[in-house]
There are 4 protein chains.
Amino acid sequence: MRRIENFRSIIDKYKVVFFDAFGVIKNYSGLVPGIEKTFAYLESEKKEYYIVTNDASRSPVQLAESYHKMGLPAITQDRIVSSGMLTKEYLDLKVQDGIVAYLGTLDSAHYIERSGLHTLPMSEVNESNFDKVSALIFLDDEGFNWCDDLNKAVNLMRKKTIPAIVANTDRAYPLSATNVSIAIGGIAAMVESVVGKQFIRFGKPDSQMFMFAYDLIREYRQISKSEIVMVGDTLNTDILGGNKFGLDTVLVLTGNTLEKDVETRITASGIMPTYICESAVVDLSGLDF
Amino acid sequence: MRRIENFRSIIDKYKVVFFDAFGVIKNYSGLVPGIEKTFAYLESEKKEYYIVTNDASRSPVQLAESYHKMGLPAITQDRIVSSGMLTKEYLDLKVQDGIVAYLGTLDSAHYIERSGLHTLPMSEVNESNFDKVSALIFLDDEGFNWCDDLNKAVNLMRKKTIPAIVANTDRAYPLSATNVSIAIGGIAAMVESVVGKQFIRFGKPDSQMFMFAYDLIREYRQISKSEIVMVGDTLNTDILGGNKFGLDTVLVLTGNTLEKDVETRITASGIMPTYICESAVVDLSGLDF
Amino acid sequence: MRRIENFRSIIDKYKVVFFDAFGVIKNYSGLVPGIEKTFAYLESEKKEYYIVTNDASRSPVQLAESYHKMGLPAITQDRIVSSGMLTKEYLDLKVQDGIVAYLGTLDSAHYIERSGLHTLPMSEVNESNFDKVSALIFLDDEGFNWCDDLNKAVNLMRKKTIPAIVANTDRAYPLSATNVSIAIGGIAAMVESVVGKQFIRFGKPDSQMFMFAYDLIREYRQISKSEIVMVGDTLNTDILGGNKFGLDTVLVLTGNTLEKDVETRITASGIMPTYICESAVVDLSGLDF
Amino acid sequence: MRRIENFRSIIDKYKVVFFDAFGVIKNYSGLVPGIEKTFAYLESEKKEYYIVTNDASRSPVQLAESYHKMGLPAITQDRIVSSGMLTKEYLDLKVQDGIVAYLGTLDSAHYIERSGLHTLPMSEVNESNFDKVSALIFLDDEGFNWCDDLNKAVNLMRKKTIPAIVANTDRAYPLSATNVSIAIGGIAAMVESVVGKQFIRFGKPDSQMFMFAYDLIREYRQISKSEIVMVGDTLNTDILGGNKFGLDTVLVLTGNTLEKDVETRITASGIMPTYICESAVVDLSGLDF
C-alpha cells in the first residue's frame, strides 16, 4: 500500500483502467473538478478505460449521455459496465418468457425489456396477470410507492417460487454534501429478510461485475488481470471486489473515504488498496500536451 | 414436549397464564372462535392471566377497548403488557427532555408523551427543531410516508448521536388469510443497516417483555417462574423467549405455526415448547359451569 | 453524556452500583491499581454494589475467592451475578433430568450440577449415554479438545432436538496487553451456524443479566432502576445492556475502550453512556477517611 | 423446473457439463454407483465436462489421482476447477513476496507455494518471522491444533493489516451417512467475526468459481453460457451459483438434498434448478454402446 502523488504515474503502469463512477468521476454536484484531464491523458496515451458502476437506473446509452451533458464526451456507451447490464444478461439467459415485475422507474425497466419478455411495474400486478409473473426485479429506489409496492412485492415472493433479482447492491447513495438516500439494495435486503428466500444480487464487490468488463476487453484483444487497475472511492465495494478479482486497486479520496479516515478504515476493515491517491485527476503540468 | 388435547389441563397446572395476542386470542378476522370460554374458565378458577404482545401501535387502554369491541370484556388494561409499554418505560428513565421524533400513527405517539417530552412525526422535523431532537422511535408501519420519512430518519441518525428505539421487533404481521404486511421491526432493521449504528429493540423474544409482566404480578403477590406458562403461536418469539426466561411454554396451532409444519419447524429451529396444543380454547364440556 | 473527573461524584448520586469485572476492577495482570479505594468508599458510604459479569468458568464462590487472593476481600459471593448463574437457573427451571453434556472445565461444570442432573464432558458422550443427553452447555473455552469435541457437539445437535445453552456470550477476552483469546461465545456461534438451530445465550448486553441482579436487591429492599448505575468498559455489552434495561451508565477507559478511541466509537456505534470517566477508582484525597 | 427421468437427455442438450464432486460423483464411501457410465457416455458423445469443486485440501493433480484410485480414470487434472486454484491465482496476482501463514495440511500448502513465496504453518509463526508474514490462508480443517493455531491466527490478523483468504467457503462436509465435520469455511467465519475484518472467500456459490471454468474452456474454443449446464446436489452453492452465473442447472438427489425434502427446500429457499433428476447416472439401456 503506497501513497501516490500524481495519478498519472498509475495510469502509466497499466494497459487498462477501470473507474468507479460516483465519488471518482462525478459526485452529487457534477464532475469531479479536473477529471476531464484524466480522460484526455488516457486518450493521448491510447489507454483503454471502463466505467464499472453499480447502477441499474438507466441504460448504458442514457448513462453515457449524462456524462456528455456534464462535459465528458470521452465516456461513450461501450465504455460502461453497469450492474443493470448484468441483470439484463441474467434475464436473457435465465428467464425465457412471461412478465417481469419491477420496482423502479420506467427508464430502468425499458432497458431490460426484450421480445418475449414484458416488464410491469409492481403497482400493476394484479389477479389477471399474477400467474404470468416469472421474475421480480429491484431496479431503482424511485418510480414507485414504497409502502404499497413493497408490501405487494413481499406477498408476490411469498406466493410464487420465482427468482428475485437485485440489480444494484448498494444500500445508500449520496444525495448532497450532507445527505444520503436509501438505495434499492437496502430496500431489497428488507424485502428479502421478510420473505426469507434467497435473492440474486448484481454489483460490486461481486466478481461478476469485474468479469463482465474483463470479457468485454477480451473480445478483441488479449489482456492479463495484472495489466488492469481498478480505481474507486469505497473500500468494501470497489477495492474489496477489485482485489478479489486479482486486480491492482487505487483508493481515491474524493468520495466515500475521506483523507482523515483513510488509515482508520483500512486498518478496521482489513481491505487494502494497492495505492492511495488524493484523486483520479491527472496533473498534466510538465507534459507536452 | 407433549401433545395436549384439552387446553384446560394446562391451565389447571399453573397459577398464571401469559398469552400472545395475535394467532392465539385473535386473528385478522376477529377473535379465535371459542376463546371467550378460556377466559370464562380462567375467571371461574381465579387464575391470573396477561396478554404479552409485541405491539406499540396503541396504548394499553386502546388495546383493551379493541378486545371489548370484539366481545372479550375480560381483557382489561391492567392485563396487557406491550412492547410499547417498555418503550415508554425506557423514555421515562433515559430521555429527560427534548423532542422524540417518531415513525407511526398519532395514536402510537400520544401514548409515549409525558410532561417535558414532546413527540413529533418525522415529517415535521426540520431545521428549526433539529437540535432539540433527543431520540427517534419506530412505533408503527402506518401513519407516515415511507420514502420521505425513512430517508429523513436515516439522515437524522447519521448526523446526531441519539438513541433509536424500535418499539416492536416483528418484521411482518398477517393482514389476511393469505397476505402479510411489513412491520415496523422490518423497516427499522433496514434503517439500522443503512445507518450502521446499534438500535435498541423491545419485544419478544427478548426477556425484558417477560420480566415486565413478571414484575407486574410481583407487585402484589409472590410467584415463581415455574408457576407461569406462556402460550404462543410463534416459535422464535413466544416460545424461544418464554423458554429462555425460564417459563414453561405452549405452542398453539391457530396462527403462524400450522399442524402440517409443526414437527419440521421444531426440528429445524431447535426451539421446543413444553406442550403443543391445537388451540388455547378450553373445552368446557363435562364441566359444571 | 458528560465527562466526570472523580468517580466518587458518580457513586454519590446512586444507591446501588453495578460493576463489570474485566477492564473495570481487574485486568490480565491483576486488580486495576487503586480500585480497592472504590470499595472502601462504597463500604464507608454504605452503598450497595454488585459485580455483573459474563463468566461461566467458575462458581460465584470461586469467583469471590479469586478477588480475595488479589487483595479485594470486599467482593463476596453474594455480590456476584454471573452468566453462569443464569445458566444454572435455566437448567433448574427447564431441564428436569438426564445428562447435560458440556464444553468447558470441570470447575465450570461442577457449579451447574444438582440432584437429578448429571454433567458429562462432551468427550465422554458415547452410544451408551447418547439417549440420556437432555441439553448441551457451552461453559468455557478451556478443558476440552476443540477439534474433536466441537465436531461431536455439532453432530449431537444435528441428531437430537435438545436445548443448547451458551453460558457466556463474549466472542473474545484479553489474555495480555497485546493478545486476546477466542471465548466460548465465539466458539458456540460457529457451532450454531453449522447446525442451523437457535441456541439460548446468557450474558450482557441481554437484559436478563441485569434483571437477575435487580431481583437480588429487591428480595430485601425497594429500589428503582433510576437509583442504580452500571459501570463498564465495553460499549456493546455493559453500556448497551445497561441503557436498554433503563439504568444510567458509566464508561470507564481502563479496558476495552481507550481514551484515544472513545469519541469515534461512541459516534460509530450510537451507544451512549450517561457518563465517561477515566477509571472506576475513587480519589479519596480531601476526604476524612 | 422440470423432473427429468434420465440424466442422458440433459447431457444431450448441452455442449459442456459442470459437475460438483461431493454428493454428485462421489460420497463418503466412494463413487456414486453407476456414475462411470455417465463419463463413458460423455466421452462417447465427445461432450466436455469439468469438476467444479469447493476443495483446497489438495492440488488438482492429487484430486485427479483420488478419482483414478476410485476407478474413474476419465477425470484428469485438466478437468478440475477447485477453490484452491482460485486461491493460488489470487496469491500469484496479489501477493508478491514474503511468507504465507496457513491453516491446513502440508499437501494443501505445497500446492500454493511458488518461487518467492514461502508457506509456513500457523504453528511456526513466531517473533523471528512475524514481520515477513504477508497473508493468512485457510486451506483445510485438518493438519493443525484448532485451539492453539486459531488463537494465533486471531492475534496475527488483529496486529497486521494483511489479506486473509478462505480457500473453501463450505461450513461443513459429510463424514459418513450420519455425521458431518466442521469445514475450514466455518472455522474461518469464526476467526473473521472475532477479528472484525473482512476476509476474502473463494468457492461456490461465488461466480468466480464458474468464471474460472468458463475461461478454461474459452482458451481453445468459443462457448456461450447457454450451452453449459451445472449439476449439483446443494441448492445454496451449486444451484444458486450456477443460476446467477447464467447457466442452466440440475439438482440431483444423491447428496445434500433428499427426495423427501426437495420441494420444501426449493420453496423455502426460493432457489430453483432448471431440472431435478434423481442422480447424474446415465441409463445406457437401449443404447448401442
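Only the coordinates and a few stated rules stand behind these numbers; no lab work does. In this text, all values refer to a predicted model and were calculated from it rather than measured experimentally. When we count neighbours, we look across all protein chains shown, and the Cβ atoms used for this are built from the backbone with ideal geometry, even at glycine.
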Axis-nearest residue of B (beta carbon) for the B-onto-D rotation, whole Å: B:Thr264, 4
Pair-distance profile P(r), taking every C-alpha pair of region D:212-289, with 10 angstrom steps and integer %: 17, 42, 28, 12, 0
Sum of side-chain charges, D:Arg201 neighbourhood, beta-carbon under 12 Å (Lys, Arg +1; Asp, Glu -1): -1
16 Å Cα-Cα reach of D:Lys94 towards lysines, excluding residues that sit fewer than 8 places from it in its own chain: A:Lys13, A:Lys225, A:Lys244, D:Lys132
Residues of region A:90-120 with amide N under 16 Å of a point placed 7 Å along Cα→Cβ from A:Val61: A:106-115
Bins of 10 Å from zero: percent of alpha-carbon pairs in region A:84-201: 14, 49, 31, 5, 1
Furthest towards positive pole of dipole, B:Leu42, B:Leu103, B:Ile75, structure part region B:1-106, Cβ charges: B:Leu42
For A:Asp261, label point 7 Å along C-beta direction: distances to other copies, nm: 1.7, 4.0, 4.2
Copy-to-copy label separations for A:Asp12, where each label sits 7 Å from Cα toward Cβ, in nm and ascending: 6.3, 6.8, 9.2
Mean separation of Cα contacts under 8 Å (6+ apart) over length of region B:197-265, as relative contact order %: 30 percent
Net charge dipole size for region C:69-175 [Lys, Arg +1 and Asp, Glu -1 on Cβ; Debye, nearest 20]: 260 debye
Label distances, nm, D:Glu124 versus same residue in remaining copies, Cβ-directed 7 Å point: 3.9, 6.7, 7.2
Proximal charge balance of B:Asn179 [Cβ under 12 Å; K/R count +1, D/E count -1]: +3
Dipole magnitude of chain C about its Cα centre (Cβ charges: Lys, Arg +1; Asp, Glu -1), debye to nearest 20: 620 debye
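Quick check on region A:148-270: take the gyration tensor over C-alpha atoms, sort the square-rooted eigenvalues as a ≥ b ≥ c, and tell me if it's rounded (a/c under 1.5), prolate or oblate. If you can, show how the numbers build up before the last one.
Values: a/c = 2.57, a/b = 1.37, b/c = 1.87.
Since a/c reaches 1.5 but b/c is at least a/b, the shape of region A:148-270 is classed as oblate.
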A:Lys132 versus D:Gln222: modelled label distance in nm, points set 7 Å from Cα along the beta carbon direction: 3.5 nm
Entries of A:Lys47/D:Lys88; A:Lys15/B:Lys197; B:Lys26/B:Lys46 with Cα pairs more than 31 Å apart: A:Lys15/B:Lys197
Among beta bridges that DSSP assigns inside region C:84-201, antiparallel share in %, nearest 5: 20 percent
Antiparallel bridges, percent of DSSP beta bridges restricted to the protein assembly as shown (to nearest 5): 15 percent
Cα-based Rg and Dmax for region B:1-73, where Dmax is the largest Cα-Cα distance (Å): 12.9, 36
Gyration tensor verdict on the protein assembly as shown (Cα atoms; rounded if a/c is under 1.5, prolate if a/b is larger than b/c, oblate otherwise): rounded
Whether chain D is rounded, prolate or oblate, judged on the alpha carbon gyration tensor where a/c under 1.5 counts as rounded: prolate
Net charge of neighbours whose Cβ lies under 12 Å from the Cβ of D:Gln77, counting Lys and Arg as +1 and Asp and Glu as -1: 0
Estimated FRET transfer efficiency (B:Thr178, B:Leu31; beta-carbon r; R0 25 Å; 0.05): 0.80
